[in-house]
Amino acid sequence: MSEPTPDGQTGGLVDGPRDPEHDPSAHYALERSDVEALAARQIATTGRTRLVVSPLGGQPLAHLPESSATDVTEAFRRARVAQKQWARTPLDTRSEALLRLHDLLLDHQAELIDLVVWESGKARKDAFLEVAHLAMTARYYARTAHQHLDTRRVPGLFPVLTRAEVNRVPKGVVGIISPWNYPLTLALCDGLPALLAGNAVVSKPDSQTTLTALMAARLLDQAGFPKDLWQVVVGPPAEVGGAVVAQADYVCFTGSTATGKLIAAQCAERLIGCSLELGGKNPMLVLHDANLDAAAEGAVRAVFSNAGQLCISVERLFVADQVYDRFVEQFVARTRAMTLGASQDWAVDMGSLVSQAQLDKVTSHVEDAVAKGARVLAGGKARPDLGPYVFEPTILEGVTASMDLFAAETFGPVVSVYRFHDEGEAVERANQGSYGLNASVWTRDGDRGRAVARSLVAGTVNVNEGYGAAFGSLAAPMGGMRESGLGRRQGAEGILRYTETQSVGTQRVLPIRPVLGMSEESYAKVMTTALRVLKKVGRA
């Protein structure tokens with residue numbers, strides 16, 4: 001519950017500890033007035049608050065108000081009112097708002113990056129990539145709006161006589177449930193095409209990274225989107241997340257496979273659509289002709305970006321026998337040379353894990369593997385001297401199927417390295433398991449790399465890059481196969497998922513029936529002749 005403020009009043013935000021002289025975590029890292037301004041953007045009437053603590057030294061950030069199922073209902077009510085007007089707004093006006101958002105993101109990048117780092121603990125360079133990706137997403141959909149959403153003419157039943165066209169109609173109100181690992185990108189990137197398509201959004205960000213999502217919502221307001229069009233609710237997943245799924249016209253979820261399956265079942269019960277970007281145990285293949293310097297450098301980014309807390313990061317590394325020793329030597333050296341830290345400094349190569357729970361999982365996976373015979377080539381332990389949740393970038397060799405991390409997603413800075421003798425074997429091993437999100441292939445022969453890519457079970461495959469080539473190409477869809485998810489973000493699929501198709505047919509001059517006293521038998525003969533002619537002239 002809310003606690004009394006110094007003036008004796010009860011507010012939505014409570015005071016924290018008051019003795020910083022004796023306790024280094026006894027003062028808030030963020031200005032209270034800034035936090036209050038952001039918190040006002042969400043709907044929360046419960047009186048409950050939740051303490052948010054930064055992975056940077058465990059410093060308190062804020063006590064933030066929590067929403068209830070009733071607040072979610074109010075958010076949907078407001079969003080539905082706003083959506084009706086927004087759907088009638090010209091497409092060019094919607095696109096212009098996205099382009100203004102593009103500029104606002106770049107103009108406010110310093111404060112956005114600060115907030116992302118405070119809440120998530122990631123390296124500053126990784127936080128910048130969130131700003132860049134979101135700006136590119138806004139620009140891409142703004143520039144391609146008509147390509148995706150304009151009414152499209154299609155061939156009618158009879159040439160000249162029948163006109164057929166397909167409209168794209170907004171779903172209504174989209175529910176977006178986003179995680180903590182990329183709090184800016186994933187709070188907004190799925191919602192921007194939903195807005196462009198004429199929908200409203202009710203967003204439920206993770207409670208750890210609420211402030212970043214609220215700041216993003218404020219930028220939407222400044223870009224000219226109607227305020228009620230984008231609602232933010234925050235609270236316990238079962239109560240608040242469940243209420244979002246229960247009332248949305250479409251659901252977009254990024255998170256674990258287990259939760260994704262539950263959401264898919266709820267959506268199926270209501271006969272609404274959903275897109276789910278879930279877990280992965282992503283492989284990287286280093287072929288015998290790879291540029292080893294480039295592959296080793298690329299592996300560091302593919303494995304350790306955001307301390308491995310990235311759905312498309314690499315956790316399994318398969319290396320051709322001919323180059324295994326040389327590659328591993330270079331990869332280990334580059335990994336050991338990384339600068340670790342939990343700070344706002346641009347010099348940090350790899351930041352912190354987000355929480356004690358995440359640290360416990362990573363530690364458990366590594367300790368289990370080592371106890372069962374895996375060898376640590378680099379890293380392997382927590383670094384509390386650098387930050388409460390910092391874990392060293394870790395390379396393991398000799399990982400077997402008996403170990404927890406062999407098939408389970410670690411979601412941390414840990415990779416298992418394996419030797420292979422032929423490419424067919426490597427592909428077969430890379431395709432093992434239940435996931436299929438991302439993969440990476442390294443070779444000097446681009447054609448060969450793309451051929452290997454087609455044999456991999458993964459929604460995205462990068463040749464001579466870990467994940468950025470595919471993910472950064474906004475016109476290319478991104479998503480998973482098998483238990484890595486349903487649907488796609490980005491590209492045409494990323495916006496069309498938020499629309500319903502409406503087919504409109506207009507018949508002119510002659511009706512679709514016998515005319516001028518023609519019998520049904522004669523009409524059938526005429527139609528048969530017409531069908532043969534249409535096939536002969538190449539009509540689809």
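The values are calculated or read from the model by the stated rules, or taken from the named source; none is laboratory data. Just so we're clear, the structure is a prediction, and the values are computed from it rather than from any experiment. In this analysis, Cβ positions are derived from the backbone assuming ideal geometry, glycine residues included, and neighbour counts consider all displayed protein chains. When the accessible area is computed, the model is the full protein with side chains, heavy atoms only, and any ligands, DNA or RNA have been set aside. Shrake-Rupley method; radii C 1.70, N 1.55, O 1.52, S 1.80 Å.
A few comments on the model shown:
- Dipole of the stretch 410-540 computed with +1 at Lys/Arg Cβ and -1 at Asp/Glu Cβ about the Cα centre; of I495, G538, Y523, farthest Cα towards the positive end is Y523.
- FRET efficiency, D345 to M481 (Cβ-Cβ, R0 45 Å, nearest 0.05): 0.70
- Theoretical gain in end-to-end length, E367 to Q266 [0.36 nm per residue, Cα-Cα removed]: 32.7 nm
- Distance from the Cα centroid of the stretch 438-469 to that of the stretch 121-143 is 23 Å (rounded to whole angstrom).
- Across the chain, C-alpha contacts under 8 Å between residues 6 or more apart give a mean separation that, scaled by the residue count, equals a relative contact order of 16 percent.
- Net length available on complete extension from H27 to R454 is 148.4 nm, with 0.36 nm assigned per residue and the Cα-Cα distance removed.
- Sorting the segments 443-451, 177-185 by their mean number of nearby beta carbons within 10 angstrom, highest to lowest, gives 177-185, 443-451.
- Enclosing the Cα atoms of the stretch 405-540 in their convex hull gives a volume equal to 228 cubic angstrom per residue.
- Sulfur and carbon atoms: percent of accessible area, the stretch 51-127 [1.4 Å]: 53
- Estimated dipole of the chain in Debye, rounded to 20 [Cβ of Lys and Arg +1, of Asp and Glu -1, Cα centre]: 2940
- Extension gain for K84-D107 works out to 5.2 nm (0.36 nm per residue, less the C-alpha to C-alpha distance).
- Of all beta bridges that DSSP places with both ends in the chain, some 40 percent have antiparallel geometry.
- Model label sites at R336 and A407, defined 7 Å from Cα along the beta-carbon direction, differ in position by 3.4 nm.
- Placing a pseudo-label 7 Å from each Cα along the Cα-to-Cβ vector at R375 and Q502 gives an inter-label distance of 6.6 nm.
- Distance histogram for the chain (every C-alpha pair counted, 10 angstrom bins, percent rounded to whole numbers): 4, 17, 25, 23, 16, 8, 4, 2, 1, 0, 0
- Under 17 Å from K122, Cα to Cα: aspartates and glutamates that are on another chain or at least 8 residues apart: E111, D114, E130, D206, D345, D349, D385, E392
- Solvent-accessible area, 1.4 Å probe, carbon plus sulfur percent, for the stretch 400-531: 56
- Two-site label geometry, T70 and A492: point separation in nm, points 7 Å out along Cα→Cβ: 4.7
- Relative contact order of the stretch 206-300, defined on C-alpha pairs under 8 angstrom at six or more residues apart (%): 19
- q = 0.19, 0.25, 0.26 Å⁻¹: log10 I(q)/I(0) that the Debye formula gives for the stretch 235-292, counting C-alpha atoms only: -0.67, -1.02, -1.08
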